[in-house]
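Participant: Okay, here's the structure, questions in a sec.
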Amino acid sequence: MDKSAIQEICNIFLSGVDVEKTAVPTIIVPKDMAVHDLERLQNGRYRFRGIMKTNSITSFVRYVTKTGEHEKVALQSFVSKNDMTATTLFNMGTVEDPGHCDFGARLSLVKTALYQVALNANGESYDQQSLAEWLEDWRDVINVYTNGAMETPTDIRKVITSVRKVTIKSETTSEHEKQDFEARKNTMDEVSAKTEHMPSIIVFRCTPFEGLQERNFHFRVSMIARHDKPLFRLRLIKHEEAQEEMATEFQTLLEKDLNGDVYVGTFNP
């Protein structure tokens, strides 16, 4: 008996063989000796599964709460403070009776448009025209302070006018690095003396993520001279600290609104 005959006998034997003790009808296909379930050929699934995905904290909490009550299970949720996401699994089961972990909900917070504007401005350099236009575009959500004082914001119209009128006095130098640094410092002092309402701090107000509180983001404004023209650089102050505060707010909000256990971290089934 050759090899092909033996293979044909095996195919006949295995063709249509049911696999017992499974929750869904299953057969062995002799072509690749693989086990295939027949769920797709039935009128419906043999169990409910799927992951609900949303960017809304409100929708996530409502869905998790209602589904948890319907399923009558002890909810377990996992909050990732690093990427501002949360996951709840309804069929996670227990160590003694584990589930498939394929029925749940996932929340992924998305930065708001205004917060993205602030992030895009961080570390960016602007010429006079660009900064004046940026201040004009976002005047409704910013306060500008001059001379480093944070007592009373300066009239935005005066700030924009000052930015447009800045002039740089060109000085040529061939001194070594330390003296060159001092020369640049003297030049900046001269520029500052010529401008009355130059921005030093910009406070940008926005809600960073939907569902979180509105907060202020502080920019420090520095000015450098390049090719006889001023450039303005915006840098967020203590942004890392603000990120930690937002992550903690996110965690606290879900711990308050969700039933069951809430853990910080992720779960990989």
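Participant: So, in segment 237-269, exactly how many residues are under 23 Å from residue 214 (Cβ atoms) and of a type in the set (Val, Ile, Thr)?
Facilitator: Total meeting the criteria: 3.
Participant: Give just the number: which of (1) surrounded by 14 or more Cβ atoms within 10 Å (Cβ to Cβ); (2) closer than 30 Å to residue 75 by Cβ; (3) modelled with pLDDT under 95 does residue 198 not satisfy?
Facilitator: Unmet condition: (2).
Participant: Same structure, new question: So how many residues does segment 207-224 have that are within 11 Å of residue 237 (Cα to Cα) and either in the same structural domain as residue 60 (by TED's automatic domain parsing) or of a type in the set (S, T, N, Q) (or both)?
Facilitator: Of the residues in that region, 1 qualify.
Let's see how each residue does on (1) in the same structural domain as residue 259 (by TED's automatic domain parsing); (2) within 15 Å of the chain's Cα centre (by Cα); (3) hydrophobic (A, V, I, L, M, F, W, C); (4) under 15 Å from residue 212 (Cβ atoms):
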| site | (1), (2), (3), (4) |
| --- | --- |
| 62 | yes, no, no, no |
| 71 | yes, no, no, no |
| 85 | yes, yes, no, yes |
| 91 | yes, no, no, no |
| 99 | yes, no, no, no |
| 103 | yes, no, yes, no |
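Participant: Going through segment 110-140 one residue at a time, which ones are out of contact with any Phe, Trp or Tyr (no Cβ under 9 Å at 6 or more places or on another chain) and of a type in the set (Lys, Arg)?
Facilitator: The answer is 139, and nothing else.
Participant: Separate question: Of everything in segment 215-252, what is surrounded by fewer than 16 Cβ atoms within 10 Å (Cβ to Cβ) and in a strand (DSSP E or B)? Give them in sequence order.
Facilitator: 215, 216, 220, 222, 224, 226, 229, 235
Participant: A further question on this structure: Taking the criterion of being out of contact with any strand residue (DSSP E or B) (no Cβ under 7 Å at 6 or more places or on another chain) and at pLDDT below 90, would at least one residue in segment 78-94 satisfy it?
Facilitator: So far as segment 78-94 goes, yes, one or more of its residues are out of contact with any strand residue (DSSP E or B) (no Cβ under 7 Å at 6 or more places or on another chain) and at pLDDT below 90.
Participant: Quick check on segment 109-117. Is at least one of its residues in a helix (DSSP H, G or I), surrounded by 14 or more Cβ atoms within 10 Å (Cβ to Cβ) and among the aromatic types (Phe, Trp, Tyr)?
Facilitator: yes
Participant: Limited to segment 118-140, what total is found for residues that are in a helix (DSSP H, G or I) and out of contact with any helix residue (DSSP H, G or I) (no Cβ under 8 Å at 6 or more places or on another chain)?
Facilitator: 7
Participant: If you don't mind, there's one more thing I want to ask. Collect the residues in segment 223-269 that are small (Gly, Ala, Ser) and closer than 20 Å to residue 205 by Cα, keeping them in residue-number order.
Facilitator: Within segment 223-269, 242, 247 meet the criteria.
Participant: May I ask you to list pairs of residues, at least six apart or on different chains, whose Cβ atoms are under 9 Å apart, with the first in segment 134-159 being in the same structural domain as residue 221 (by TED's automatic domain parsing) and among the basic types (Lys, Arg) and the second being crowded, with 17+ Cβ neighbours inside 10 Å and assigned to a helix (DSSP H, G or I)?
Facilitator: Pairs that qualify, where the first residue is in the same structural domain as residue 221 (by TED's automatic domain parsing) and among the basic types (Lys, Arg) and the partner is crowded, with 17+ Cβ neighbours inside 10 Å and assigned to a helix (DSSP H, G or I), are 139/156; 139/160.
Participant: List the pairs whose first member sits in segment 40-57 and is farther than 22 Å from residue 71 by Cβ, whose second member is modelled with pLDDT of 95 or more and outside any loop (DSSP other than H, G, I, E, B), and whose Cβ atoms are under 8 Å apart, counting only residues at least 6 apart or on separate chains?
Facilitator: 55/107; 55/108
Participant: Tell me, please, whether a residue that is in contact with a Gly (Cβ under 6 Å, 6 or more places away or on another chain) and β-branched (Val, Ile, Thr) can be found in segment 59-81.
Facilitator: No.
Participant: Let me ask something else about it. Across segment 201-233, what is the total count of residues that are polar (S, T, N, Q) and either on the phi > 0 side of the Ramachandran plot or at pLDDT below 95 (or both)?
Facilitator: Adding up the residues that qualify gives 1.
Participant: Okay, moving on. Can you pull out every residue in segment 141-165 that is touching a Phe, Trp or Tyr at 6+ places or on another chain (Cβ under 9 Å) and either assigned to a helix (DSSP H, G or I) or under 11 Å from residue 197 (Cα atoms) (or both)?
Facilitator: Initial filter on segment 141-165 (touching a Phe, Trp or Tyr at 6+ places or on another chain (Cβ under 9 Å)): 141-143, 151-154, 163.
Correct list: 141, 153, 154, 163.
Participant: Given (1) part of a loop (DSSP other than H, G, I, E, B); (2) farther than 19 Å from residue 109 by Cα, identify the lone condition not met by residue 69.
Facilitator: Result: residue 69 fails condition (1) only.
The values are calculated or read from the model by the stated rules, or taken from the named source; none is laboratory data. Just so we're clear, the structure is a prediction, and the values are computed from it rather than from any experiment. A quick note on method: Cβ atoms are made from the backbone with ideal geometry, for glycine too, and the neighbour counts reach across all protein chains shown.
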